[in-house]
1. Here's a check for you: in region 1-34, which residue that is in a loop (DSSP other than H, G, I, E, B) and modelled with pLDDT of 75 or more is most open to solvent (accessible area, probe 1.4 Å)?
2. Can you tell me which residues in region 67-94 are among the small types (Gly, Ala, Ser), in contact with a helix residue (DSSP H, G or I) (Cβ under 7 Å, 6 or more places away or on another chain) and open to solvent by 10 Å² or more (accessible area, probe 1.4 Å)?
3. Looking at region 35-48, is at least one residue open to solvent by 40 Å² or more (accessible area, probe 1.4 Å), over 15 Å from the mean Cα position of the chain (by Cα) and farther than 24 Å from residue 135 by Cα?
4. If you scan region 124-138, which residues turn out to be open to solvent by less than 50 Å² (accessible area, probe 1.4 Å) and in contact with a Leu (Cβ under 6 Å, 6 or more places away or on another chain)?
5. Only strands (runs of 3 or more DSSP E) wholly contained in region 48-162 count here; list those with 3 or more residues that are at pLDDT 95 or above and under 23 Å from residue 36 (Cβ atoms).
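The values are calculated or read from the model by the stated rules, or taken from the named source; none is laboratory data. Computed from a predicted model, the values in this text were never measured in an experiment. Glycine gets a Cβ as well: all are built from the backbone with ideal geometry, and neighbour counts include every protein chain shown. Side chains included, ligands, DNA and RNA excluded: accessible areas come from the protein's heavy atoms. Shrake-Rupley method; radii C 1.70, N 1.55, O 1.52, S 1.80 Å.
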Amino acid sequence: MSRLALSTALLCLAVFSCPPAIAAKGGSLPSHFGDRLEAALSCRGEWSTDYWQGYLRKHLGKPLRNWGGADWFDARNADLAGVAAQEVFINPPQSGTLIVGALIAQPIDAVRARLEERLGMRFQSLPGPYPRYLSATGSVLVGVANRQTKWYCARWDLGNRA
């Protein structure tokens, strides 16, 4: 084997045998991560702040920041119905709101089309100064700066439920 061929073979072995960047950040996400988060974001499942705070901390580590009344986590490009989440957020335990959300680095029209195709959801346009869509289950898509999209489900703790 020539020196060039040997060098190329060793380089390929090194590149392809290295764990992906996700693993370097604290391990890969569990196989159920996308499914569970999709259900919460679609407002199709029951969940609580305590559950999601624990779940996200267990699988994503400490929050990147607390901003806008939510704890934000690095989502490690988690696949959510064919779109990659850059960050996910959850309200802090003391909040009266129950909210789970994701920030997706794609324009709202592309995200909407993918979710409708993959999850069978339909989003209706809401009036307002920026693009917003609402599903029948209460799931919301909002177009934000830099051609990004927030996908979330929010519920309010009315304090009068048994």
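1. By that ranking, first place goes to 31.
2. 82
3. No, the conditions are met nowhere in region 35-48.
4. Narrowing region 124-138 to residues open to solvent by less than 50 Å² (accessible area, probe 1.4 Å): 133, 135, 138.
Answer for region 124-138, where residues must be open to solvent by less than 50 Å² (accessible area, probe 1.4 Å) and in contact with a Leu (Cβ under 6 Å, 6 or more places away or on another chain): just 133.
5. On the way: elements: 65-67, 70-80, 83-90, 97-104, 123-125, 132-135, 140-144, 148-156.
Per the criteria, 70-80, 83-90, 97-104, 132-135, 140-144, 148-156.
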